[in-house]
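Written below as structure tokens is the structure these notes are about.
The values are calculated or read from the model by the stated rules, or taken from the named source; none is laboratory data. No experiment lies behind these values; they were computed from the predicted model shown. We place every Cβ from the backbone using ideal geometry, glycine too, and count neighbours over all the protein chains shown.
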Amino acid sequence: MLGDEDGTKIAEPEVRMSVCISKIWVFGFVGAIALSACRKSEETVQPEPAASLSAAVINSAPPPPKISRNINASCIVGARASSAHPRHPAIHAFDEKPSTAWNEDADGDGTGEWVEVLLKPGTVVHYVEASGGWSAMSNPGNVDLWEHNNSFRIMKVSWDSGQKEISFLRGSDRGTKKRVDIDTETKAIRFSAVEVDRGRFNDLCLDDVLIYGDCPAGETPVATVELAAGTKCPPTRDQACDSDLFVQLATPLPTTPLSYDYPLTQKLLRGNPEFRGTRVVETTRNGRRVMGAIVRNRCVADELIRVADEAMKSNPQASCEPIRVDRTVFVVD
């Protein structure tokens with residue numbers, strides 16, 4: 001056996017000796033014929049060309065490594081949590097903005113609380129990278145939000161078919177993201193607090209989770225849908241959200257009348273063809289009365305968030321979740 005440069009073993013060409021046994025013939029030309037036949041036999045046992053050996057080595061090479069891409073912007077359809085402060089909703093853990101974070105709003109230090117991202121059907125997640133708290137400095141105020149709030153000591157990451165726990169050290173893991181390999185299709189990923197470390201105040205936060213994988217393209221691309229005059233959003237329901245797509249717009253004060261009709265919101269939405277058919281409702285979230293809109297697709301949700309934030313500076317957020325309607329305030333006509 002011979003060894004090539006990378007150590008691969010290749011069989012030596014086998015050298016075969018052809019032995020020709022010829023009878024002695026009286027006529028010389030018969031002996032010449034026998035010698036010619038002997039040489040032809042030697043030619044037929046030559047080894048395969050070296051090219052075929054090289055091809056065998058090339059074909060045995062491992063497949064190229066799997067390439068993952070960040071899918072936060074393209075495959076997330078919503079987020080939810082066990083509890084959330086109105087100014088720091090669940091989606092803030094997945095918006096790729098270190099300046100924002102999910103902040104739980106339950107009694108206690110946050111142990112047992114969770115935040116969950118919802119994904120398009122058919123999404124394959126290769127891995128996630130999660131931080132352990134809120135690492136930013138506030139602006140304005142320059143408050144150290146890592147020291148100010150609680151952080152994860154042990155986080156459980158769970159998906160449709162599995163789970164794994166990861167740990168963080170409060171003294172050295174500020175701003176560090178821990179990787180969890182998933183490598184399967186899943187509809188949601190939940191991040192739960194098994195144990196926490198205390199900050200100055202007793203609130204648990206999570207500022208940033210990055211998701212890597214792939215998801216199918218939308219079933220109804222915007223470019224193929226006939227749009228109504230004066231609009232840019234398709235009239236179809238979002239196929240990626242299998243429940244209600246809800247945009248929270250306001251949290252009424254405890255003294256707000258139960259029959260309050262939100263005149264500013266009505267003025268903002270009525271007459272705008274982009275929002276025609278949108279249902280504005282009151283519901284209860286985390287024990288609080290909230291007002292928002294059930295919209296037909298992500299395009300409308302994004303436009304509503306933009307318009308409402310410019311007019312009311314209310315930092316509205318969208319989520320994909322079943323909504324229990326306490327009352328319908330109005331339907332945009």
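A few points about this structure:
- One residue stands out among those in the range 266-281 that are surrounded by 14 or more Cβ atoms within 10 Å (Cβ to Cβ) and without any contact (Cβ under 8 Å) to a residue 60 or more places away in the chain: the one that is farthest from the chain's Cα centre (by Cα), which is Leu268.
So that you can scan it fast, the table gives a plain yes or no per residue for (1) more than 20 Å from Ala318 (Cβ to Cβ); (2) surrounded by fewer than 20 Cβ atoms within 10 Å (Cβ to Cβ); (3) more than 23 Å from the chain's Cα centre (by Cα); (4) at pLDDT 90 or above:
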residue: Cys205; (1), (2), (3), (4): yes, no, no, yes
residue: Thr283; (1), (2), (3), (4): no, yes, yes, yes
residue: Gly292; (1), (2), (3), (4): no, no, yes, yes
residue: Asn297; (1), (2), (3), (4): no, no, no, no
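- Meets criteria (in contact (Cβ under 8 Å) with a residue 24 or more places away in the chain, in a strand (DSSP E or B) and farther than 22 Å from Ser83 by Cβ) for Arg153: no
- Only one of the numbered conditions (1) touching a helix residue (DSSP H, G or I) at 6+ places or on another chain (Cβ under 9 Å); (2) in contact (Cβ under 8 Å) with a residue 40 or more places away in the chain is not met by Met137, and that is (2).
- Yes/no for Leu169 being of a type in the set (A, V, I, L, M) and not in a strand (DSSP E or B): yes
- Test result for Gly133, modelled with pLDDT of 90 or more and not assigned by TED's automatic domain parsing to the domain that holds Ala250: yes
- Taken over the range 181-196, the criterion of being over 16 Å from Asp105 (Cα atoms), at pLDDT 95 or above and of a type outside the set (A, V, I, L, M, F, W, C) is satisfied by Asp181, Asp183, Thr184, Glu185, Thr186, Arg190, Glu195.
- Residue in the range 108-137 that is nearest to the chain's Cα centre (by Cα), counting only those that are over 22 Å from Ser83 (Cα atoms) and in a loop (DSSP other than H, G, I, E, B): Thr123
- Tally of residues being without any contact (Cβ under 8 Å) to a residue 60 or more places away in the chain and assigned to a loop (DSSP other than H, G, I, E, B) across the range 74-96: 2
- Glu165 touching a Lys or Arg at 6+ places or on another chain (Cβ under 7 Å), farther than 19 Å from Ala101 by Cα and surrounded by 13 or more Cβ atoms within 10 Å (Cβ to Cβ): yes
- Close contacts from the range 312-333, counting a first residue that is under 14 Å from Arg285 (Cβ atoms) and a second that is in a loop (DSSP other than H, G, I, E, B) and at pLDDT 80 or above, with Cβ to Cβ under 7 Å and a gap of 6+ residues or different chains, come to Gln317/Pro89.
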